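Chemist: Can you keep this structure in mind? I'll have questions shortly.
The values are calculated or read from the model by the stated rules, or taken from the named source; none is laboratory data. Given the structure is predicted, the values throughout are model-derived calculations rather than measurements. Note that each Cβ is placed from the backbone with ideal geometry, even for glycine, and that neighbours are counted across all protein chains shown.
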Amino acid sequence: MKSYNVCLKDTVKTFTKCLFYSLFDCEQEEAHSDYLEKTFLKILSSLEIENGEAIWESFKAELPKVRLQLDLDAVAFENNDPASYSLEEIYLAYPGFHAISIYRLSNTLYKLNVPILPRMMSEYIHGITGIDIHPGATIGESFYIDHGTGIVIGETSIIKDNVKIYQGVTLGGIQVSKDLAKVKRHPTIESNVCIYANATILGGDIVIGANSIIGANVWITHSVPENSLVTYKTEIKIRPKKNGIRE
Amino acid sequence: MKSYNVCLKDTVKTFTKCLFYSLFDCEQEEAHSDYLEKTFLKILSSLEIENGEAIWESFKAELPKVRLQLDLDAVAFENNDPASYSLEEIYLAYPGFHAISIYRLSNTLYKLNVPILPRMMSEYIHGITGIDIHPGATIGESFYIDHGTGIVIGETSIIKDNVKIYQGVTLGGIQVSKDLAKVKRHPTIESNVCIYANATILGGDIVIGANSIIGANVWITHSVPENSLVTYKTEIKIRPKKNGIRE
Amino acid sequence: MKSYNVCLKDTVKTFTKCLFYSLFDCEQEEAHSDYLEKTFLKILSSLEIENGEAIWESFKAELPKVRLQLDLDAVAFENNDPASYSLEEIYLAYPGFHAISIYRLSNTLYKLNVPILPRMMSEYIHGITGIDIHPGATIGESFYIDHGTGIVIGETSIIKDNVKIYQGVTLGGIQVSKDLAKVKRHPTIESNVCIYANATILGGDIVIGANSIIGANVWITHSVPENSLVTYKTEIKIRPKKNGIRE
């Protein structure tokens, strides 16, 4: 039987954690800079990826820009969450911020055409936060995620600036077949859109127009014009309780 | 660029894990009592919180009461889950019990006005269980959570005694704006209510009356009288399969 | 107060991780074979389970079959996911594959009548992936899970071959009371069924007929004939945005 180097999961976990620490804490950055480079080269060599050193240099050169973007994201968190206590709390205790951080790092490697490693990084943070953002997704500035568990953002999604997304939201594909690998399969979300909990938006040619609000539990497979309010026409039945919930 | 002490996440993770072990295992309690105190003081000092020792003493004094509450919760689990095998299994293998344990610990610190640390603890267990209970929520006795992934219980929620909640349930805010920080933004759930999977209950002035059953997938933004059965009037369409799922 | 050996969670976590590594990587298998046996015996002894050595031998004898099944699952992943890059990526970075792996291992122990440990293993992987598969569930060949967060597959579920399941799907019980412990409480899914995101299928006498497609968000408590397409008749309201989302 073929062997797979599955314990690379552990190496990537420690590497990604350390990279996150180094990005926000200059003491950690100094302490870990050798470790990070060595481990990066080791991971790439395990995955039989060539030019590790050149890729590392390109990646490192992008990190200050990634940090600036994340500082903007953190401000969006502070401005949007009534339960937030301080900017420091965002960096230390917000899973949405943690997930966006690892997404911006993995997306940088994805754009450098590194295979597998970006996906291993996104699975590391999916494991911690329940937020599954494919490293190939395109996400603008000041992105805000609240709670986050169950969010899925597919590979070809495009999210513009100042978008807010709550737990359980799916930006997914409507037909899932292997021959669609190269096609845009996931939605486009224009700027200033807010998507409430558990809404599902499916399809590669779908555009949610700027400034729209998508209500909780809404299920959309068609485009929506800008400045829309989309709600879910639910009917519930309230009656005195008798025998269980089956009718 | 400003440094944030993000690797405090690791310290809080180990501290919280150890605290959980000490609460239920007297051997662990002895082995770790020095470590717990020292680490607590170190975390508070990192967060620039004063009076660490006094807070630790107050916190320690509350632990026996927390343990008693959790033993009541464990009995609720045993009584409610047809798949449970023994009381020991609840302590060792139930994510809902694990999440309630860390909630009751973090809530105790929250009530002692400790900032950030309770939220870091709740994010530690949110990461493990997918259950996001804000440390500020108020939860009565004999609380039962099944499966749990995707549950969100907001900061100002009030949950009375003997309540049961399934996976994906949100007790959330209906309007999320920063100036509502001091207002009750999340629902009140009276005693003996059962809320099935993926139900969403939104709004700070909403009360779900005692003994009510809220069916799976129900979406509620208004109060419900006691002894109600609330179901979701779903319509599904069943037809022979032809070409995919888009109409 | 009674002590519970809660720190066994850590032992089971390391054991399960190591078992997964050994299953797919022959270097790891050699390096860890002593550790795995010793730790298995230690865990069983902690749980006061007798005949540890005989159980270990029976378990070890099943592992090659488990590996073969998982290699079939991996091929199903590769064939179904348009975003997959290579077979190696499935083993290294797919949470659904990780969850199915631990399920097949825990199910093998469940069928050997080992108590608690299989559930601790399923909670270990539920913690990482958000996918909650009870070790007692029966699952056929070539099972595919995409994204996965929020999936719940109950103890008495039966899933035949070539089934595909997306994030947030529940195969659950419709009435949850303790006296139903020995009854089939969860659905049967026939071969070649595809169940899209957040669908909920409840009840022990429910059968989803072969080759059916269950659309996203569908809520089913009755059986469905083979070759069906089941969709959710949603109504959404799209209008120009004015003041928030409450009507």
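Chemist: What are the pairs, 6+ residues apart or on separate chains, where a residue within the stretch C:3-31 that is small (Gly, Ala, Ser) has its Cβ under 6 Å from a residue that is not in a helix (DSSP H, G or I)?
Modeler: C:SER3/B:ASP25
Chemist: I'd like the full set of residues that are modelled with pLDDT of 95 or more and surrounded by fewer than 20 Cβ atoms within 10 Å (Cβ to Cβ), limited to the stretch C:211-223.
Modeler: Listed by number, the residues that qualify are C:ASN211, C:SER223.
Chemist: For the stretch A:211-223, give me each residue that is assigned to a loop (DSSP other than H, G, I, E, B) and within 12 Å of chain B (Cβ to nearest Cβ). Outline the logic, then answer.
Modeler: The first filter runs over the stretch A:211-223 and keeps only residues assigned to a loop (DSSP other than H, G, I, E, B), leaving A:211-212, A:215-218, A:221-223.
Within the stretch A:211-223, A:GLY215, A:ALA216, A:ASN217, A:VAL218, A:THR221, A:HIS222 meet the criteria.
Chemist: Restricting the first residue to the stretch C:56-68 and requiring it to be farther than 26 Å from C:SER45 by Cβ, which pairs with a second residue that is at pLDDT 95 or above meet a Cβ separation below 7 Å and a spacing of at least six or different chains?
Modeler: Qualifying pairs under 7 Å: C:ARG67/C:LEU23.
Chemist: Regarding A:GLU88, is this residue acidic (Asp, Glu) and farther than 23 Å from A:CYS194 by Cβ? Write out each step before concluding.
Modeler: On the way: acidic (Asp, Glu): yes; farther than 23 Å from A:CYS194 by Cβ: yes.
Spelling it out, A:GLU88 is indeed acidic (Asp, Glu) and farther than 23 Å from A:CYS194 by Cβ.
Chemist: Can you tell which of C:GLY127, C:GLY168 is within 14 Å of the chain's Cα centre (by Cα), part of a loop (DSSP other than H, G, I, E, B) and within 14 Å of chain A (Cβ to nearest Cβ)? Outline the logic, then answer.
Modeler: Numbers: C:GLY127 fails: part of a loop (DSSP other than H, G, I, E, B).
Testing whether each residue is within 14 Å of the chain's Cα centre (by Cα), part of a loop (DSSP other than H, G, I, E, B) and within 14 Å of chain A (Cβ to nearest Cβ) leaves just C:GLY168.
Chemist: Among the residues of the stretch A:82-104, which ones are within 7 Å of chain B (Cβ to nearest Cβ) and under 18 Å from B:SER46 (Cα atoms)?
Modeler: Step one: filter the stretch A:82-104 for residues within 7 Å of chain B (Cβ to nearest Cβ), giving A:82-83, A:85, A:88-89, A:91-93, A:95.
The answer is A:TYR85, A:GLU88, A:GLU89, A:TYR91, A:LEU92, A:ALA93.
Chemist: If C:ASN162 passes every condition in (1) outside any helix (DSSP H, G or I); (2) in contact (Cβ under 8 Å) with a residue 60 or more places away in the chain; (3) closer than 30 Å to B:ILE195 by Cβ but one, which one does it miss?
Modeler: (3)
Chemist: Which pairs do you get when a residue that is under 24 Å from A:THR170 (Cβ atoms), found in the stretch C:123-152, comes within reach of a residue that is in a strand (DSSP E or B) and modelled with pLDDT under 95, reach meaning Cβ atoms under 7 angstrom, with the pair 6+ apart or on two chains?
Modeler: Close Cβ pairs satisfying both conditions: C:VAL152/C:GLY172.
Chemist: Would you be able to say whether some residue in the stretch B:184-193 is modelled with pLDDT under 95 and farther than 16 Å from A:GLN167 by Cα?
Modeler: Filtering the stretch B:184-193 down to residues modelled with pLDDT under 95 leaves B:184-185.
From the residues that got through so far, the ones that are farther than 16 Å from A:GLN167 by Cα too are B:184-185.
Looking for residues that are modelled with pLDDT under 95 and farther than 16 Å from A:GLN167 by Cα, one finds at least one in the stretch B:184-193, hence yes.
Each row is one residue, and each column tells you yes or no for (1) away from chain B (no Cβ under 14 Å); (2) surrounded by fewer than 24 Cβ atoms within 10 Å (Cβ to Cβ).
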residue: A:LYS160; (1), (2): yes, yes
residue: A:LEU202; (1), (2): no, no
residue: A:GLY209; (1), (2): yes, yes
residue: A:PRO225; (1), (2): yes, yes
residue: A:THR231; (1), (2): no, yes
residue: A:LYS237; (1), (2): no, yes
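Chemist: Then there is this: Can you name every one of the helices (runs of 4 or more DSSP H) wholly within the stretch C:1-111 that holds 3 or more residues which are farther than 30 Å from A:GLY203 by Cα? Before the answer, list the steps.
Modeler: Numbers: elements: C:8-24, C:26-46, C:52-80, C:87-93, C:95-111.
Answer list for the stretch C:1-111: C:8-24, C:26-46, C:52-80, C:95-111.
Chemist: I'd like to verify a number: residues in the stretch A:98-122 that are among the charged types (D, E, K, R) and free of Cβ contacts under 8 Å to residues at least 24 places away in the same chain, how many? Before the answer, list the steps.
Modeler: Our first condition is that a residue be among the charged types (D, E, K, R); within the stretch A:98-122, this holds for A:104, A:111, A:119.
If we keep only those that are free of Cβ contacts under 8 Å to residues at least 24 places away in the same chain as well, we get A:111, A:119.
The qualifying residues number 2.
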